[in-house]
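To start, the structure itself, in structure tokens.
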Amino acid sequence: WIATQRLKYRRLKDGKPNGLSPERLRQLREVGLDLNPRPQSVGLATQRKSWDEMFDQLIDFKDFYGHCIVPQLSGKLGMWVKDQRRRYKRMKNGAPLNNGRDVRPLTTPQFLKLVSVGFVFDTRNPGKMGGIVDGDEFDDVF
């Protein structure tokens, strides 16, 4: 039930039909329900382990297909890849994305690991930050 209320709230924030009345929203806030939980509630060590596990899956994908362009609709790895691109933009721009929702930027070690395997950060322009980083681009990010 709580997951459904959170989904309705996300849809409301995105301007989509949601079935969440202003009265229901007021009641949920009144009882203190966190409608927008953040991943920070998960321990940092767990987050790091999960990231490393997904990175290992990316390596397996690359070993099999010869590239790191994972289709976003290919399950958990596809969603993770999409999230890394979003986090890269957050790191590069220093501004929240996704309608103001908090997006944690990539850490420098994560960024460097992704670059080292040829991760494509911008699929619309794969030559730019497509794994081969020139000095100017690298300096722009850091």
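The values are calculated or read from the model by the stated rules, or taken from the named source; none is laboratory data. It should be emphasised that the depicted structure is a prediction, and the values quoted were computed from it without experimental measurement. With ideal geometry, Cβ positions are generated from the backbone for all residues, glycine too; neighbour counts draw on all protein chains shown. Only protein heavy atoms, including side chains, enter the accessible area calculation; ligands, DNA and RNA are left aside. Shrake-Rupley method; radii C 1.70, N 1.55, O 1.52, S 1.80 Å.
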_Based on this model, can you work out whether F55 counts as modelled with pLDDT of 90 or more, touching a Lys or Arg at 6+ places or on another chain (Cβ under 7 Å) and open to solvent by less than 60 Å² (accessible area, probe 1.4 Å)?_
yes
*Which one of K89, K13, K8 is at pLDDT below 90 and under 16 Å from L114 (Cβ atoms)?*
K89
_Six or more apart or on different chains, Cβ atoms under 8 Å: show the pairs whose first residue is in segment 108-136 and more than 22 Å from L77 (Cβ to Cβ) and whose second is modelled with pLDDT under 80._
T108/F142; K128/E137
_Tally up the residues in segment 72-95 that are within 11 Å of the chain's Cα centre (by Cα) and of a type in the set (A, V, I, L, M, F, W, C), please._
3
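Here is a list: F111, F138, F64, F119. Which entry is surrounded by 12 or more Cβ atoms within 10 Å (Cβ to Cβ), part of a helix (DSSP H, G or I) and at pLDDT 85 or above?
F111
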*Would you mind finding the one in G94, G100, G130, G75 that is among the small types (G, A, S), modelled with pLDDT under 90 and touching an Asp or Glu at 6+ places or on another chain (Cβ under 8 Å)?*
G130
